[in-house]
Amino acid sequence: MSYPLYIPPAQFWGTKNSEWSLKEAKEYFNWFISIKDNRLDDYLEFLSVERNNIDDLCHKMLDLLFDPKFSNNQDGGKLDLTNAGYALATDTSLFVSDNLFS
């Protein structure tokens, strides 16, 4: 299974978020909130961890960050995330924030 990317609705493809109107920002927010729970479920399933097992999640996440599907190692050891890497990092932050506020 390849990691699911973040692909927003087509109406947002051509503009930077800093250029959105308030209405567009609200529409994007509503889209993001509508996919959040499914993203978290897919994230936990992909990592094969239970929601409350933070230790396993951290270890698997760190291992995956160095996988070529998620990043490329640049000169000086800097990681250059792939699109899947950015999606994984975003879902990790979603997971952390969801747990902090629940």
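Observations
- Every test in (1) without any contact (Cβ under 8 Å) to a residue 12 or more places away in the chain; (2) under 25 Å from Pro9 (Cα atoms) is passed by Asp56 save one, and that test is (2).
- Residue list for segment 18-57, filter: among the aliphatic types (A, V, I, L, M) and part of a helix (DSSP H, G or I): Leu22, Ala25, Ile33, Ile35, Leu40, Leu44, Leu47, Ile54, Leu57
Results for (1) in contact with a His (Cβ under 9 Å, 6 or more places away or on another chain); (2) more than 16 Å from Ser93 (Cα to Cα); (3) among the polar types (S, T, N, Q), shown as yes or no for each residue.
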| position | (1), (2), (3) |
| --- | --- |
| Asn30 | no, yes, yes |
| Asp37 | no, no, no |
| Tyr43 | no, no, no |
| Asn53 | no, no, yes |
| Cys58 | no, no, no |
| Leu65 | no, no, no |
| Phe70 | no, no, no |
| Asn73 | no, yes, yes |
| Asp80 | no, yes, no |
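- Single condition Ala10 does not satisfy, out of (1) among the hydrophobic types (A, V, I, L, M, F, W, C); (2) more than 23 Å from Thr82 (Cα to Cα); (3) modelled with pLDDT of 90 or more: (2)
- Residue satisfying condition, being more than 23 Å from Leu100 (Cβ to Cβ), of a type outside the set (Ser, Thr, Tyr) and at pLDDT 95 or above, within set Lys16, Lys26: Lys26
- Taking segment 60-102 as the range and being of a type in the set (A, V, I, L, M) and assigned to a helix (DSSP H, G or I) as the test, the residues that pass are Met61, Leu62, Leu64, Leu65, Ala84, Ala87, Leu88, Ala89, Leu94, Val96, Leu100.
- Matching residues, segment 70-102, being of a type in the set (S, T, N, Q), surrounded by fewer than 17 Cβ atoms within 10 Å (Cβ to Cβ) and either touching a residue at least 60 places away in the same chain (Cβ under 8 Å) or farther than 22 Å from Ile54 by Cβ (or both): Asn72, Asn73, Gln74, Asn83, Thr90
The values are calculated or read from the model by the stated rules, or taken from the named source; none is laboratory data. Every value quoted in this text rests on a predicted model; they were computed, and no experiment measured them. Neighbour counts are summed over all protein chains in view; Cβ atoms, including those assigned to glycine, are modelled from backbone coordinates with ideal geometry.
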